1. With +1 assigned to the C-beta of every Lys and Arg and -1 to the C-beta of every Asp and Glu, and no other charges, what is the dipole magnitude of the protein assembly as shown about the Cα centre in debye, to the nearest 20?
2. Pulled fully out, how much extra length does the chain show between A:Arg191 and A:Lys433, if you take 0.36 nm times their separation in residues and subtract their Cα-Cα distance?
3. Sticking with the crude label model, points 7 Å out along Cα→Cβ, report the distance from A:Phe161 to A:Val353 in nm, one decimal please.
4. In nanometres, what is the gap between the two model label sites at A:Lys339 and B:Thr108, each 7 Å from Cα along Cα-to-Cβ?
5. Which residue fluctuates the most in chain A, going by a Gaussian network model with Cα springs under 10 Å, if the choices are A:Lys418, A:Lys50, A:Lys302?
6. Can you give the percent of C-alpha pairs in the range B:1-73 whose distance is more than 15 Å?
7. Provide the net charge surrounding A:Leu315, with neighbours chosen by a C-beta distance below 9 Å and charges set as Lys +1, Arg +1, Asp -1, Glu -1.
8. For B:Arg61 and A:Glu37, what does the FRET efficiency come to when R0 = 35 Å and r is the distance between their Cβ atoms, rounded to the nearest 0.05?
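Bear in mind that the values in this text are calculations on the coordinates, not laboratory data. This one's a predicted model, so the numbers in the text were calculated from it and none came from an experiment. Neighbour counts are summed over all protein chains in view; Cβ atoms, including those assigned to glycine, are modelled from backbone coordinates with ideal geometry.
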Amino acid sequence: MSTNFAAQMKAFLGDGICLLVEPSSSFGASLQSCLAEIGIPLSQVATSKKFEEAKKIVEEKKPKLIVTEYDLQPGMGLELIEMQETQYDDNARIGMIVTKNSSDSAVAEAAEGAVDAFLLKPFSVGIFRTKLSDVLTRKTRPSDYQKLLQVGRTKAAANDFEGAIAAFNAAKTRETKPSMACCMAAKIYERQEKWELALAEYRQGRQFQPLHYKCMIGEFEVLSKLKRYADAYEVVGRLRDNYPIPPVRLGEFFTAAVFTYNFADLPRYFEMYLAFENRTPWLTNLVAVGLTAAGKYHLQKKDPAKAMPFFEMGLTARGRDITYVELVFDELMKAEAFKEAEFILSKTLPADVGGKQNNQMRFRIDQRTLTPEQLVERGKRMINEGQGSPEIYRLMVELLAKLGRTTMAESMISTAAKDYPDLRPALYAILAKYPAK
Amino acid sequence: MSFKLEMTMMKNMTTAMDVLQGQGPLEVSEYGASDLAVPLRSVVRDGALVSVNLRLVSPARVFDFPATGKVLSCDEVEAGVFRVKVQLRQFDREAWSQILLILQGDQTRVDALFDSIKGEP
């Protein structure tokens with residue numbers, strides 16, 4: 001063990017602490033022994049196996065070094081490092097992920113955020129030491145370029161926008177490919193809502209490094225904000241072809257694809273979505289909304305066959321949730337795609353079959369095959385069992401009126417008005433269309 | 001691509017008992033040039049000679065690696081769980097180098113992706 005590294009580490013930590021967040025005792029012990037070898041005394045190491053407890057430690061003890069697993073159900077190691085980011089200047093803190101999760105999307109998500117190093121398990125003590133040493137050297141002995149970036153960050157944090165821009169511009173002269181300086185300057189312009197200047201900075205950053213991830217993401221975000229979706233989606237193509245997509249970005253790309261009618265790309269994004277281990281309700285909802293929009297678009301074009309794959313993907317995303325089944329069913333019925341509507345209805349989860357929503361949909365499908373008498377019986381039974389809906393009442397009133405059973409239709413309207421008072425005029429209008437026999 | 005290194009067998013060469021019996025494969029938590037650590041639910045004496053089988057699991061294949069070694073330490077890390085460090089003594093060095101290369105190769109892939117997204121010099 002280099003004494004130089006130990007001394008550097010000691011100077012960096014000072015009286016501060018290191019937080020080790022690891023659910024497995026064995027991995028935790030291995031990491032602890034690594035830290036001990038580096039010369040970090042046990043008294044300066046706080047350990048936790050659980051996310052909530054770790055969060056509390058970050059809040060109260062403000063660790064300067066965090067070594068954490070990526071997946072800490074119900075939270076994520078990234079959240080702890082993001083909290084730490086708000087407590088210190090970038091050069092005064094280190095956040096490391098040590099994880100079994102080697103998926104590209106996890107790496108991309110960590111790299112986009114405040115994580116300084118990403119180490120895979122099982123790890124070698126040597127690699128752990130080298131990684132930590134590299135990060136420490138970068139933070140404690142920054143190049144002129146990095147120093148100027150830090151000056152800019154500090155000024156930006158103090159809302160000294162002019163000072164920050166000046167520092168980032170100075171930084172640009174100290175590096176051959178200063179894309180990060182451009183990116184940081186662009187962020188300042190974004191905060192000032194100077195969108196065109198921000199765009200120009202991101203684009204300058206990409207002149208130095210055409211595939212600079214953060215510049216591309218920044219450009220995409222600004223263009224989306226300006227509602228220049230077609231331009232934004234061009235950037236998505238370059239990002240998608242060159243980088244893995246982290247979950248948070250996938251939702252945005254999904255939305256951009258929908259806004260630009262690039263529905264053909266949705267199945268590819270959907271595959272990525274399915275591959276994620278952590279699918280948040282927010283992302284699931286966005287994905288389902290996007291797929292529904294694509295399906296509806298094809299229905300408007302009178303092409304239910306093209307719409308169906310999108311609706312089916314939506315069903316998978318929403319776990320065949322009955323509310324979603326009903327939403328898609330309604331769209332298909334409106335488009336008079338009855339065969340497809342029946343297919344979607346058949347996807348109802350067994351637990352929901354025979355329930356109110358399922359029965360209502362079944363009634364609407366069966367109106368095409370049952371005799372009027374059978375339908376009236378079925379409808380009356382459903383209404384008596386409290387399974388009426390505005391659509392069922394409309395169908396029943398129309399059916400009874402057609403059969404000339406006006407009194408029963410009026411009685412049905414009275415029943416409907418108890419649950420849906422606003423429905424009364426519409427139901428009477430239906431009745432009025434059929435003169436009493 | 002994700003790799004897992006497991007210990008599927010650890011036999012005490014003096015008593016001929018399989019120390020892992022009933023504990024299933026154990027995930028290797030840490031490795032070095034010729035040593036590794038696993039979490040065990042029983043005690044093994046320091047200095048005990050053991051015969052082990054390691055298994056590298058990748059999505060594409062499974063690779064078994066038998067070796068003999070010596071228990072360097074056995075420390076209780078929580079109630080009933082011991083971190084056992086084993087020094088490999090007799091083993092196919094070429095095969096072990098291959099395993100290390102595969103594990104480090106995975107880390108290299110992650111580093112390249114991480115650095116390109118960070119985009120910092």
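1. Using Cβ point charges on Lys, Arg, Asp and Glu, the protein assembly as shown gives about 760 debye.
2. Length difference between fully extended and current span is 81.1 nm.
3. Using points 7 Å along Cα→Cβ, the separation is 6.1 nm.
4. In this crude label model, A:Lys339 to B:Thr108 measures out at 5.6 nm.
5. Of A:Lys418, A:Lys50, A:Lys302, the most mobile in the Gaussian network model is A:Lys418.
6. 53 percent
7. +1
8. Values: r = 34 Å, r/R0 = 0.97.
The calculated FRET efficiency here is 0.55.
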